[in-house]
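The block underneath contains the structure these notes are about, expressed in structure tokens.
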Amino acid sequence: MTEGEKTRLVAWSDELRGMHARLRKALTLTQEALASGEPVEVASHDLLLFCHGFCTALTGHHEGEDRVLFPAIAAEHPELRETLRKLEQDHSMIAYLISGLQAAVDAKASPGDLSRHLEGISAIMESHFRYEERQLLTVLETLALDAGPDVLGPL
């Protein structure tokens, strides 16, 4: 393996860490928009913008993993299929929570209700990211995947 190939392979673990960091930051910005103390109309507008960006990015990240990354890992590391199945279940749960948040934003729910939605997403997302990083970063450093880093999402 050439040094360039090794750098490209290690970039997958770095890209996953970077995507998780960007999604954590997007969630923080969304939570800050809600907690800003602005009048509900202003905070709701900001929240809608941040939520749309955050929700789109998180959903795109998980769809890319499910569609491209996880099948490639399963092909090279069949012993991780159960781990990948658990991660895909998390993706489904997070998608459900995101749809609940989107419905709450659309219904102009109270800041307290919106905050509870964000806290639920945050808790599951953080647990998911930590588990994924513990289980997959080493594997990603050796994964031969013929795809661009955009497979991990639009952020």
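Observations
- Taken over region 101-110, the criterion of being part of a helix (DSSP H, G or I) and out of contact with any helix residue (DSSP H, G or I) (no Cβ under 6 Å at 6 or more places or on another chain) is satisfied by Gln102, Ala103, Asp106.
- Among the residues making up region 71-84, those that are closer than 16 Å to Arg134 by Cβ and part of a helix (DSSP H, G or I) are Ile73, Glu79, Leu80, Glu82, Thr83, Leu84.
- Pairs, first more than 20 Å from Thr142 (Cα to Cα) and exposed (fewer than 15 other Cβ atoms within 10 Å of the Cβ) in region 71-98, second among the acidic types (Asp, Glu) and at pLDDT below 95, C-beta under 7 Å, six or more apart: Glu88/Asp66
- Condition check for Asp66: modelled with pLDDT under 85 and either under 20 Å from Ala26 (Cβ atoms) or out of contact with any Lys or Arg (no Cβ under 9 Å at 6 or more places or on another chain) (or both): no
The values are calculated or read from the model by the stated rules, or taken from the named source; none is laboratory data. Since this is a predicted model, take the numbers as computed values, not measurements. All Cβ positions, even for glycine, are placed from backbone atoms using ideal geometry, and neighbour counts span all protein chains on display.
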